[in-house]
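The values are calculated or read from the model by the stated rules, or taken from the named source; none is laboratory data. All values reported here derive from a predicted model rather than from experimental measurement. Counting neighbours? That spans all protein chains shown, and the Cβs are built from the backbone with ideal geometry, glycine included.
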Amino acid sequence: MNFTDILESIPSSTSPFFRFLVIIGILIFTALLGKVITIYLRRSLKEKMSREHLEITLKVLYYSLVVLVAILFILPLLGIEPSGLIVAGGIAGIIIGFASQSIVSNLISGIFLMIERPIKIGNQVKVDGISGWVEDINIISTIIRTYDGLYVRVPNDKVFTTNLINYVENVARRFEYEVGIRYSDDADQAIGIIKDVIHAHPFALVNPKPSVFLDSLGDNSMNIKVRIWAPASEWFGVKTELLWKIKTTIEENGIEVPFPQRTIWFGNETKKEELPGSQ
């Protein structure tokens with residue numbers, strides 16, 4: 001015999017006081033059950049969600065449990081048939097669902113984002129073509145401050161379902177240059193100079209090690225590929241500093257970055273032969 005059978009076995013003529021005691025007992029049991037569930041979820045999700053968002057989620061789950069128990073068990077004891085409420089609630093739910101499906105989708109996506117945590121406040125990200133810093137992650141939307149200082153509100157449904165790039169989630173990030181030198185310059189010397197410049201920079205990582213090699217022979221230059229790893233938090237500064245340092249250092253050693261040029265060859269001018277009798 002389950003709990004529902006026990007409720008149905010209570011005679012309708014039972015004194016109101018006894019029914020009141022049963023209702024109090026159900027509420028106490030529900031409160032204890034909700035407390036146990038929220039404690040378990042709080043321990044499981046405290047490392048995956050912010051404290052503020054976790055508390056909101058737990059309160060929603062707790063009160064949803066209380067309302068569900070009230071509809072299924074307490075209303076029959078009060079002589080109210082829940083089937084009519086369920087039908088009316090179902091119809092209202094369908095209407096509200098169609099009217100607010102995007103809100104519900106954003107709400108569910110927000111919960112999954114808080115659990116999965118692919119991005120965190122302060123991360124540099126790119127979402128749906130929008131790049132910048134994550135200012136806040138709310139239950140419905142995510143706030144991004146672009147590199148131009150613009151405030152952008154992105155619905156969580158878009159954040160959760162679109163391709164998302166987190167520029168700083170990994171510890172290290174790679175960047176690369178293509179440095180062109182003249183054909184008359186010494187490529188081995190240029191590669192050695194570039195490696196020395198990289199090794200001298202405090203934020204250029206040794207592991208993964210940088211890579212410098214002759215990549216292609218272009219129309220106007222020999223092209224050296226330079227690949228460097230740096231901490232994700234220092235990536236942009238290292239990239240801009242090293243490019244200028246490499247340029248100035250190779251020029252100081254007599255190696256120049258060539259400009260586009262063309263070599264034009266002229267054939268020897270054919271001498272005009274004079275025909276006999278011509279003037």
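Things to note:
- Residue count for region 159-192 satisfying the condition of being within 19 Å of TRP133 (Cβ to Cβ), free of Cβ contacts under 8 Å to residues at least 40 places away in the same chain and crowded, with 16+ Cβ neighbours inside 10 Å: 0.
- Filter result for VAL226 (in a strand (DSSP E or B) and either of a type outside the set (A, V, I, L, M, F, W, C) or not assigned by TED's automatic domain parsing to the domain that holds TRP133 (or both)): yes
- If you go through region 18-41 and keep only what is modelled with pLDDT of 80 or more and among the basic types (Lys, Arg), you end up with just LYS35.
- Within the option set ILE111, ILE139, ILE119, being surrounded by 14 or more Cβ atoms within 10 Å (Cβ to Cβ), over 10 Å from the mean Cα position of the chain (by Cα) and part of a loop (DSSP other than H, G, I, E, B) holds for one residue only, ILE139.
- Filter pass, PHE213 being loosely packed, with under 12 Cβ neighbours inside 10 Å, touching a helix residue (DSSP H, G or I) at 6+ places or on another chain (Cβ under 8 Å), more than 30 Å from ILE140 (Cβ to Cβ) and at pLDDT 90 or above: yes
- All of (1) touching a Phe, Trp or Tyr at 6+ places or on another chain (Cβ under 8 Å); (2) modelled with pLDDT under 85 hold for GLU116 with one exception: (1).
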